Each structure stands twice: as structure tokens, then as C-alpha cells.
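The values are calculated or read from the model by the stated rules, or taken from the named source; none is laboratory data. Keep in mind it's a predicted model, so treat the numbers as computed, not measured. With ideal geometry, Cβ positions are generated from the backbone for all residues, glycine too; neighbour counts draw on all protein chains shown.
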Amino acid sequence: MDMDKEVIDYIQKLPKWQIEVCESLRKMIFKTIPKVEERLQYGKPHYLKDAHYTCVIHAAKDKISFMIFNAGEINEIKGFLKAMSDPNRKVVTITEGQDVDYKLLAKILKQASALL
């Protein structure tokens, strides 16, 4: 696991609940995509597989957004996974106290990144 210092710094500045969510997302990403590359880009943690974007974590005031790239073949999941204006991007919005199905997220991420 090759964790980026800038990403660690980004996460450590967040409120406690967001730190916990981001750390869980990172662990899931590193476990799901072998040899994933982590970097802070455009002020947010981005994850690449073979130089292609797989996902991005974005912390906002009251939520964490987890966007998955290359997800055009993945269907929306009502109340969980939403389509973006770009059909190849899907997003999960996580708020404080929300239960997150990290196993389902890993399955979706694995499917989206499989062809990269």
C-alpha cells in the first residue's frame, strides 16, 4: 500500500467522522485495486490504475462524495449510487452517521476498474 503524504494531510484536517469515512474508503480502494496509485490532485484524493482515474474522494462541509469513474455499465442504486451528468461517472454521497455498505462499494469499484 503506497499512501500519499499529501492525501494523509488532506484527510487529517477533516472533522473526526469524515476522517473515519475517508480512511475506510482508502482501505477499501487499496484492497480492491492492487497497485492503485494515490495522489492529491485538484485538491482532492484521486486514485489511478495504470494511469487511468478510478475514483476520487471529496470532503465537503456536511458530506463525503465518492465518485467512481468508468462506471457507464453500472446501474444506479436508488438511495445509494447516483449517475452524474457524465454517464461514465457515478457518485455515492455519505453523511455523518450514515451506514455505508463498503462491500457493495468495493464490488462496484472492482467492476468499474476491471477494464482499465
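Taken over the stretch 34-43, residues that are surrounded by 15 or more Cβ atoms within 10 Å (Cβ to Cβ) and either within 14 Å of ILE68 (Cβ to Cβ) or at pLDDT below 95 (or both) amount to 1.
Checked against (1) under 25 Å from ILE74 (Cα atoms); (2) at pLDDT 95 or above; (3) basic (Lys, Arg), LYS16 passes all but a single condition, namely (1).
Screening the stretch 107-116 for residues that are free of Cβ contacts under 8 Å to residues at least 60 places away in the same chain and part of a loop (DSSP other than H, G, I, E, B) and picking the one that is surrounded by the most Cβ atoms within 10 Å (Cβ to Cβ) gives ALA114.
Inside the stretch 78-97, can you point out the residues that are closer than 23 Å to HIS46 by Cβ and over 16 Å from the mean Cα position of the chain (by Cα)?
Restricting attention to the stretch 78-97, the residues satisfying the condition of being closer than 23 Å to HIS46 by Cβ are 80-95.
Of everything in the stretch 78-97, those that are closer than 23 Å to HIS46 by Cβ and over 16 Å from the mean Cα position of the chain (by Cα) turn out to be SER85, ASP86, PRO87.
Looking at the stretch 77-90, is at least one residue touching a residue at least 40 places away in the same chain (Cβ under 8 Å), of a type in the set (Gly, Ala, Ser) and surrounded by 15 or more Cβ atoms within 10 Å (Cβ to Cβ)? No: the stretch 77-90 contains no residue that is touching a residue at least 40 places away in the same chain (Cβ under 8 Å), of a type in the set (Gly, Ala, Ser) and surrounded by 15 or more Cβ atoms within 10 Å (Cβ to Cβ).
Do the conditions hold for TYR47, that is, is it of a type outside the set (A, V, I, L, M), crowded, with 21+ Cβ neighbours inside 10 Å and either out of contact with any Asp or Glu (no Cβ under 9 Å at 6 or more places or on another chain) or at pLDDT 95 or above (or both)? So TYR47 passes the test. Within the stretch 36-49, can one find any residue that is on the phi > 0 side of the Ramachandran plot and aliphatic (A, V, I, L, M)? Looking for residues that are on the phi > 0 side of the Ramachandran plot and aliphatic (A, V, I, L, M), one finds none in the stretch 36-49, hence no. As a summary of the residue check, CYS22 satisfies the conditions (1) of a type outside the set (D, E, K, R); (2) loosely packed, with under 13 Cβ neighbours inside 10 Å; (3) not in a loop (DSSP other than H, G, I, E, B) except for the one numbered (2). Of the residues making up the stretch 25-38, those that are in contact with a helix residue (DSSP H, G or I) (Cβ under 9 Å, 6 or more places away or on another chain) and either farther than 20 Å from LEU109 by Cβ or not in a helix (DSSP H, G or I) (or both) are ILE33, VAL36, GLU38.
Contact map, the stretch 1-17: first residue closer than 15 Å to HIS58 by Cα, second residue of a type in the set (S, T, N, Q) and at pLDDT 95 or above, Cβ cut-off under 8 Å, separation 6 or more or different chains; pairs are ILE11/GLN18. Of the strands (runs of 3 or more DSSP E) lying entirely inside the stretch 39-106, the ones with 1 or more residues being over 20 Å from VAL21 (Cβ atoms) are found at 44-49, 52-59, 81-83.
Does the stretch 10-19 contain any residue that is outside any loop (DSSP other than H, G, I, E, B) and more than 22 Å from ASP101 (Cα to Cα)?
yes
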